[in-house]
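Inspection log for the structure reproduced underneath, given as structure tokens.
The values are calculated or read from the model by the stated rules, or taken from the named source; none is laboratory data. Since the structure is predicted, the reported quantities are computational estimates derived from the model, not experimental observations. Don't worry about glycine lacking a Cβ; one is built from the backbone with ideal geometry, like all the others, and counts go over all protein chains shown.
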Amino acid sequence: MEPITALFGIACLGAGGGVGYWLKQNHEKMLRLNDFNILLQESQSAHFTQLNSQVSDLNTQLCNLNNMVDALRATNPELDGALKAYNTISQLEHDGSSASIDRSQLFTKALAALETLVSPISVESEVGATNLLTQTSSNMVMRLVDIIDAHQINVQDLGLKSVSAHKLGHATMSLRRYDWAETCFGIAYASSPGNANILEALEFIAIERGDEVLRRHWLEARMTVNPDNPDLLRAHAHLLAKMGDLEAERDVLRLEALGLDTAADRSLLSGLRARAGSRSEALEAIEQALAEDPSQAKDWLSHATLLHQEGEITRALDSVNKSLDLDRQNGDAWSLSATILATKPNRLKEALKAAIHAVALDAGGCDMVLLKADLLVADGQVSAAEESLTKALNKDMMNGELRAKIATRYLLDGRPDDAQKLLDTTPVGIDHALLHVVEGRLHLVNADKTRDGTGETDATLLSVAISAFEGALKLNRELGVAWLGLARTQRLLRNMDGAEEALTRARRLLPEDDSSAAAEAALLALDQGDITTAASQIDVADIHGDSPVISYVRGNIEARSGHLDRALEYYGKTLKADTNHIRARLNRCSIYMALDEGRKALDDAEILLDLAPNFTLARFRKAEAEMMLGEWTRAREDLDIVLEKAPHHYQALTQLAACFIALERPERAETPLNEALRIAPNYAPAWHQRGLLYLEWGRNDNAMSDFEAAVKADPQHLDSRLHIAAMHHEAELFDAAASAWREVLQIDPDHVVAKTRLDECEVKLMAR
């Protein structure tokens, strides 16, 4: 074999072997890949099988959950009602305005939700009960009611069934929505006019609203159903007596005939006969008893009490002394003696002795504790007075009334911090209506000391006072001082209707000799622009004794009438009696500003800040007084403090701009003015101030635009009208100038410059 052939053969064999080896390797790889693919397919199949199983399980669970929800809704009206209410509320809030939505259908759903929510309530529920619904259901009912009211839908038009109306009446009454409650019970009453529960509910609503006439109507309807009910007869008698109707005597005689009259009923009868002109039968009876047996201490005390009520003070004191001669341990006798002697000149020592005995014998209640303290102060024993109050509190830590009355005393003495301390240290478990009243009064005091004069901040500060007074009324609807506090707060919030309603309740419940309600009525009338009524009301208050509040109100009346000098006199009288009277000093400060007495205004503002360092409005008044005195740097510093606490204070922003201009930094004045106008676009002084700035910069068109905006915001803004007239005059636009000068003279008929310039315009116009 030739070498070449041999080599070729060997090469072929090598190549063939290599190819074979390569083919073998790749074949093995293919086998492995195929095995992997089979495994992957099997794994995926198992995964999908597992996934399908899980999905099936989830579907089963969802089905079970739906069944559970359906079962819960079927057995739990609250849950069903809440779900219905939520869905309906969502539709009404988000889709109620859409044209494609059937609104009548939505309100039908709302009614169905309400009926479901109140279905657990019994039609025989106790009238006035507060826990008829859970918190969730209560919230849903309130939201539905508010939404229906917002859409001005009359509940009577919803087709509410009688039973559902009865239940919804109880629900809305428990939520203090008496408008809805009255309507709902009215629907129920139309179907069941003799239902005792409905009639009682309607009477209750009349009581809550302070409507005695309507209450009488429903009470007499109840008596028609149950004419011999002693509670109804008694309530009717007392109501008629309060209304001055002597027919009340008939009810008491009816009780007597039934053998159900009590001592209180006989006392009422005696009072009715006394009102009719006859002498008190009770007094005659006790005098007969004393004539027969003068050895009974309790009879002498009864005699003294009746005489005291009749105003026969000397005879009353004689009788109470005879009672004490017979029984030195009679605490009630000591209490009456202290009360009588405290009104007598030169009897301080005797009154104090009697009060000490009364308190030691636990007689006279909280009022005697306070009287003892007052008498100690009058005797110069200030420390002893404080010790007696502390001792009384420590002796009866859980007495909320005592704590509240002592706190009230601290407030009246100008010691709000001490009053707050008493509230803060109140033991857990005490919830007395008077404590809520004190809390409300403290909020009013704090509001007076921190407000900035803007409606936004003042509303925030006063809203907490509203909550406090309402908290008191939840505990005691017949608490006159709570209604009075609510009336004042509503007035300060400019809610005049709410103030009038609360004040009516207060005047009905407070003693006739309490001047505070008449003083508040005067302030309310004044805020409504009725100076005549305000003056007559403060005269009524003055009948029952002078006080700093009365002179303060008289100062307000004089200020509102334009008699600034007389207003200053009354404010001075107020501050002499009460140096801490915030509003009187603030008002006096403002009058000093109006009279260009900047130094006196500054003095009052600084005193206010000493009394209340966080009083933003006083800080603002201080800055204004400093501006009047030309102390621009100090004024700017004070305005910076105001704006740090109240960035929305558009008046302060406007005055800050004026400071920059006065300090020859006009380039810094535009920004605060722009911000002031952003916050209060109808604030004329800001438009005027920016107009002056633009005028100084030579931007006359911008200046004129701002002056006109000021006049639009306040047609009586004289300075802006003067600038408009002057600019037209300078531009020789005599027609426009003449018209502008006439508008100035409409505001100030004696304005010399306006008269002169108007004459010039008319000459120029005639010369054309």
Discussion item. Tell me the residue from Leu568, Leu484 that is part of a helix (DSSP H, G or I), surrounded by 15 or more Cβ atoms within 10 Å (Cβ to Cβ) and under 26 Å from the mean Cα position of the chain (by Cα), please.
Written reply: Leu484
Practice prompt. Could you tell me which numbered condition Pro715 fails, if it satisfies all but one of (1) outside any helix (DSSP H, G or I); (2) touching a residue at least 12 places away in the same chain (Cβ under 8 Å)?
Written response: (2)
Practice prompt. Having 1 or more residues that are touching an Asp or Glu at 6+ places or on another chain (Cβ under 8 Å) and either buried (at least 20 other Cβ atoms within 10 Å of the Cβ) or not polar (S, T, N, Q) (or both) is the bar; report the helices (runs of 4 or more DSSP H) wholly within segment 581-683 that clear it.
Written response: 582-594, 598-611, 616-628, 632-645, 650-662
Worksheet item: If you take the residues of segment 518-554 that are in contact with an Asp or Glu (Cβ under 8 Å, 6 or more places away or on another chain) and modelled with pLDDT of 90 or more, which of them is surrounded by the most Cβ atoms within 10 Å (Cβ to Cβ)?
Response: Ile550
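If a residue must be crowded, with 21+ Cβ neighbours inside 10 Å and either more than 20 Å from the chain's Cα centre (by Cα) or of a type outside the set (A, V, I, L, M) (or both), how many such residues does segment 431-441 contain? Walk me through it before giving the result.
At the first step, the residues of segment 431-441 found to be crowded, with 21+ Cβ neighbours inside 10 Å are 433-441.
Then keep just the ones that are either more than 20 Å from the chain's Cα centre (by Cα) or of a type outside the set (A, V, I, L, M) (or both); that gives 436, 439-441.
Of the residues in that region, 4 qualify.
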Worksheet item: Out of the residues in segment 128-157 that are crowded, with 18+ Cβ neighbours inside 10 Å and farther than 24 Å from Arg209 by Cα, which is farthest from the chain's Cα centre (by Cα)?
Response: Ser137
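Considering each of Ala709, Ala740, Ala725 in turn, give the residue that is within 43 Å of the chain's Cα centre (by Cα), within 21 Å of Pro685 (Cα to Cα) and either in a loop (DSSP other than H, G, I, E, B) or among the aliphatic types (A, V, I, L, M) (or both). I'd like the intermediate steps shown before the answer.
Numbers: Ala740 fails: within 43 Å of the chain's Cα centre (by Cα); Ala725 fails: within 43 Å of the chain's Cα centre (by Cα).
That would be Ala709, the only listed residue that is within 43 Å of the chain's Cα centre (by Cα), within 21 Å of Pro685 (Cα to Cα) and either in a loop (DSSP other than H, G, I, E, B) or among the aliphatic types (A, V, I, L, M) (or both).
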Worksheet item: Taking the condition at pLDDT below 80 and either of a type in the set (A, V, I, L, M) or part of a helix (DSSP H, G or I) (or both), does Glu220 pass?
Response: no
Item to complete: Determine, yes or no, whether Ala472 is within 29 Å of Glu558 (Cβ to Cβ) and either part of a helix (DSSP H, G or I) or among the aromatic types (Phe, Trp, Tyr) (or both).
Response: no
Worksheet item: Ala171 passes all but one of (1) over 20 Å from Glu208 (Cα atoms); (2) in contact with a helix residue (DSSP H, G or I) (Cβ under 8 Å, 6 or more places away or on another chain); which number fails?
Response: (1)
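In this structure, does Ala190 turn out to be assigned to a helix (DSSP H, G or I) and over 24 Å from the mean Cα position of the chain (by Cα)?
On the way: assigned to a helix (DSSP H, G or I): yes; over 24 Å from the mean Cα position of the chain (by Cα): yes.
Answer is yes for this residue.
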Discussion item. Could you check segment 137-178 and list, in sequence order, the residues that are at pLDDT below 85, assigned to a helix (DSSP H, G or I), over 27 Å from Arg477 (Cα atoms) and β-branched (Val, Ile, Thr)?
Written reply: Ile147, Ile148, Val155
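Kindly establish whether Lys353 is of a type in the set (Lys, Arg), within 19 Å of Lys298 (Cβ to Cβ) and modelled with pLDDT of 90 or more. It would help to see each step written out before you state the result.
Working: of a type in the set (Lys, Arg): yes; within 19 Å of Lys298 (Cβ to Cβ): no; modelled with pLDDT of 90 or more: yes.
No, not satisfied.
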Worksheet item: What single numbered condition from (1) assigned to a loop (DSSP other than H, G, I, E, B); (2) touching a Gly at 6+ places or on another chain (Cβ under 9 Å); (3) surrounded by fewer than 16 Cβ atoms within 10 Å (Cβ to Cβ) fails to hold for Asp514?
Response: (3)
Discussion item. Exactly one condition in (1) touching a helix residue (DSSP H, G or I) at 6+ places or on another chain (Cβ under 7 Å); (2) modelled with pLDDT under 95; (3) not polar (S, T, N, Q) is false for Asp513; which is it?
Written reply: (1)
Discussion item. Given the options Ala188, Ala201, name the one that is farther than 26 Å from Leu475 by Cα, surrounded by 18 or more Cβ atoms within 10 Å (Cβ to Cβ), among the aliphatic types (A, V, I, L, M) and in contact (Cβ under 8 Å) with a residue 12 or more places away in the chain.
Written reply: Ala188
Worksheet item: Quick check, is Arg583 among the charged types (D, E, K, R), under 30 Å from the mean Cα position of the chain (by Cα), modelled with pLDDT of 95 or more and under 26 Å from Pro416 (Cβ atoms)?
Response: no
Worksheet item: Conditions: (1) in a loop (DSSP other than H, G, I, E, B); (2) under 21 Å from Arg441 (Cβ atoms); (3) not basic (Lys, Arg). Gln490 meets all but one. Number of the miss?
Response: (1)
Worksheet item: Right, Lys405: in a helix (DSSP H, G or I), within 26 Å of Thr579 (Cβ to Cβ), basic (Lys, Arg) and free of Cβ contacts under 8 Å to residues at least 24 places away in the same chain or not?
Response: no
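Looking only at helices (runs of 4 or more DSSP H) that fall completely inside segment 331-393, which ones have 2 or more residues that are in contact with a Phe, Trp or Tyr (Cβ under 9 Å, 6 or more places away or on another chain)?
Numbers: elements: 331-341, 348-360, 365-378.
Hits in segment 331-393: 348-360.
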Worksheet, complete the sentence: Exactly one of Leu617, Leu602 is under 15 Å from Gly453 (Cβ atoms) and out of contact with any strand residue (DSSP E or B) (no Cβ under 6 Å at 6 or more places or on another chain), and that one is Leu617
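Only residues that are of a type in the set (S, T, N, Q), in contact with a Leu (Cβ under 8 Å, 6 or more places away or on another chain) and not in a helix (DSSP H, G or I): list them for segment 408-444, please.
At the first step, the residues of segment 408-444 found to be of a type in the set (S, T, N, Q) are 408, 420, 425-426.
Subsequent filtering for residues that are in contact with a Leu (Cβ under 8 Å, 6 or more places away or on another chain) retains 408, 420, 426.
If the condition is that a residue be of a type in the set (S, T, N, Q), in contact with a Leu (Cβ under 8 Å, 6 or more places away or on another chain) and not in a helix (DSSP H, G or I), then Thr426 is the only one that fits.
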Worksheet entry | Which numbered condition Val428 misses (of (1) free of Cβ contacts under 8 Å to residues at least 60 places away in the same chain; (2) surrounded by 18 or more Cβ atoms within 10 Å (Cβ to Cβ)) | (2)
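So that you can scan it fast, the table gives a plain yes or no per residue for (1) surrounded by fewer than 22 Cβ atoms within 10 Å (Cβ to Cβ); (2) among the charged types (D, E, K, R):
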{"position": "Ala686", "(1), (2)": "no, no"}
{"position": "Gln689", "(1), (2)": "no, no"}
{"position": "Asp706", "(1), (2)": "no, yes"}
{"position": "Glu730", "(1), (2)": "yes, yes"}
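Could you tell me whether Asp245 is surrounded by fewer than 16 Cβ atoms within 10 Å (Cβ to Cβ), part of a helix (DSSP H, G or I), on the phi < 0 side of the Ramachandran plot and over 33 Å from the mean Cα position of the chain (by Cα)?
no
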Item to complete: Determine whether Lys600 is modelled with pLDDT of 95 or more and within 24 Å of Pro672 (Cα to Cα).
Response: no
Worksheet item: Counting just the residues of segment 555-565 that are without any contact (Cβ under 8 Å) to a residue 24 or more places away in the chain and not in a helix (DSSP H, G or I), which one comes out surrounded by the fewest Cβ atoms within 10 Å (Cβ to Cβ)?
Response: Gly562
